[in-house]
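**Q** The structure follows.
The values are calculated or read from the model by the stated rules, or taken from the named source; none is laboratory data. Predicted model only: the values in this text are computed from it and were never measured. Backbone-built Cβ (ideal geometry, glycine too); neighbour counts: all protein chains shown.
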Amino acid sequence: MNKINIKTYKPGKIVCVGMNYRSHISEQDGRFPDKPVLFCKAGTSLIKNNEDIVCPEEVSELDYEVELAVIIGKKAKDIRVEDINNYIYGYTIMNDVTARDVQKKEGQWFRAKSFDTFAPVGPDIISAAYITDPNNINLKSYVNGELRQDSSTSDMIFGVYELVSFISRSMTLEEGDLISTGTPAGVGAFMKQKSFLKDGDIITCHIDYIGDLVNKVIKR
C-alpha cells in the first residue's frame with residue numbers, strides 16, 4: 001500500500017453511509033434499514049482541517065455530522081468481511097456537512113451534501129495498524145465548545161468491515177477511496193430546539209486515536 005498524505009489527499013470516490021447509528025435513527029422516525037443506505041459526496045466538496053466551510057446564500061439550515069472515515073489501501077472487489085482489514089489503509093474523520101433545507105425540499109441527498117467545502121476531512125490519516133477495533137471508538141462533536149454528539153462506533157448497525165465488504169460487492173474500491181460510516185444522535189436538525197450552524201461557528205469533530213477536525217463556518 002502506498003503512503004497517503006492528508007495534505008495532498010484526493011479520494012477517487014467519497015462513499016457515505018446514512019442511517020447507520022441506532023441513536024441517530026431513534027432521534028428521527030425509528031425505521032431501521034435492512035441494508036446499508038449509501039450515497040456519495042462530490043470530490044469538490046473536500047476540504048481539510050482548519051479550512052472554512054462556506055455556507056451558500058440559499059442554505060439556511062446548515063448541519064454537522066461527525067463520522068469515522070475509512071481509507072482504502074488497494075483495489076478491492078467482492079471482498080469477504082473477514083478479509084477486509086487487508087484492504088484498509090487507515091482511518092480519518094469526516095464532517096458530513098449537510099444543507100437540511102435543501103435535503104428536505106428536493107427529496108434527495110447528493111446536492112444537499114455536495115456543496116463545495118461540505119466534506120471536511122482530517123486532521124490526519126491514522127494507520128489501520130493503530131486502530132485494532134474500529135467498531136468500538138468514541139466520537140464527539142462540538143459547536144463553539146458545546147458538546148453536541150457523544151457516542152461510540154459500537155452504536156453502528158453495520159460495522160466497518162461489513163460496510164466495506166457490502167460496498168465492494170457493488171463497485172470496485174480503489175486505493176485512496178473514502179468510506180464515511182455514518183453519524184450518531186445529536187445533529188442540529190433533531191435537537192428539541194433545532195440548532196443549525198451560523199456564520200462564525202467553529203465545529204470540532206473528535207474521534208479517539210485520530211484527534212480533532214476543526215473548521216469554521218463562513219456565510220457567503
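**Q** Tell me which residues, restricted to the range 48-100, are in a strand (DSSP E or B), surrounded by fewer than 22 Cβ atoms within 10 Å (Cβ to Cβ) and β-branched (Val, Ile, Thr).
**A** Of everything in the range 48-100, just one residue is in a strand (DSSP E or B), surrounded by fewer than 22 Cβ atoms within 10 Å (Cβ to Cβ) and β-branched (Val, Ile, Thr), namely 54.
**Q** Now a separate question. How many of the residues in the range 133-163 are farther than 15 Å from residue 69 by Cα and out of contact with any Gly (no Cβ under 9 Å at 6 or more places or on another chain)?
**A** Step one: of the range 133-163, the residues farther than 15 Å from residue 69 by Cα are 142-151, 155, 157.
When the remaining residues are screened for being out of contact with any Gly (no Cβ under 9 Å at 6 or more places or on another chain), the result is 142, 145-146, 155.
Residues in the range 133-163 being farther than 15 Å from residue 69 by Cα and out of contact with any Gly (no Cβ under 9 Å at 6 or more places or on another chain): 4 in total.
**Q** What number of residues in the range 24-47 are in contact with a Phe, Trp or Tyr (Cβ under 7 Å, 6 or more places away or on another chain), assigned to a loop (DSSP other than H, G, I, E, B) and not charged (D, E, K, R)?
**A** 2
**Q** Next question. Checking residue 127 against (1) among the hydroxyl-bearing types (Ser, Thr, Tyr); (2) closer than 14 Å to residue 69 by Cα; (3) surrounded by 20 or more Cβ atoms within 10 Å (Cβ to Cβ): exactly one of these is not met. Which one?
**A** Only one criterion is unmet by residue 127, namely (3).
**Q** Follow-up question, since we're still on this one. Those residues that are surrounded by 10 or more Cβ atoms within 10 Å (Cβ to Cβ) and either over 16 Å from the mean Cα position of the chain (by Cα) or modelled with pLDDT under 95 (or both), I need them from the range 1-17; list them, please.
**A** Those that are surrounded by 10 or more Cβ atoms within 10 Å (Cβ to Cβ) and either over 16 Å from the mean Cα position of the chain (by Cα) or modelled with pLDDT under 95 (or both): 1, 4.
**Q** If you don't mind, there's one more thing I want to ask. Can you give me the number of residues within the range 101-124 that are closer than 19 Å to residue 17 by Cα, of a type in the set (Lys, Arg) and surrounded by fewer than 18 Cβ atoms within 10 Å (Cβ to Cβ)?
**A** Counting residues in the range 101-124 that are closer than 19 Å to residue 17 by Cα, of a type in the set (Lys, Arg) and surrounded by fewer than 18 Cβ atoms within 10 Å (Cβ to Cβ) gives 2.
**Q** Which of the residues spanning the range 187-200 are more than 16 Å from residue 150 (Cβ to Cβ) and buried (at least 20 other Cβ atoms within 10 Å of the Cβ)?
**A** Listed by number, the residues that qualify are 196, 197.
**Q** Additional query: Would you check if residue 99 is of a type in the set (A, V, I, L, M, F, W, C), on the phi < 0 side of the Ramachandran plot and free of Cβ contacts under 8 Å to residues at least 24 places away in the same chain? Give the derivation first.
**A** Details: of a type in the set (A, V, I, L, M, F, W, C): yes; on the phi < 0 side of the Ramachandran plot: yes; free of Cβ contacts under 8 Å to residues at least 24 places away in the same chain: no.
The answer is no for residue 99.
**Q** All but one of (1) among the β-branched types (Val, Ile, Thr); (2) within 25 Å of residue 54 (Cα to Cα); (3) at pLDDT below 95 hold for residue 117; state the number of the condition that does not hold.
**A** (3)
**Q** OK, next. Look at the range 109-127 and say how many of its residues are of a type in the set (A, V, I, L, M, F, W, C) and not in a loop (DSSP other than H, G, I, E, B). Explain how you work it out, then say what you get.
**A** Taking the range 109-127 as the starting set, the residues that turn out to be of a type in the set (A, V, I, L, M, F, W, C) are 109-110, 112, 115, 118-119, 121, 125-126.
Subsequent filtering for residues that are not in a loop (DSSP other than H, G, I, E, B) retains 110, 112, 119, 121, 125-126.
So the count comes out to 6.
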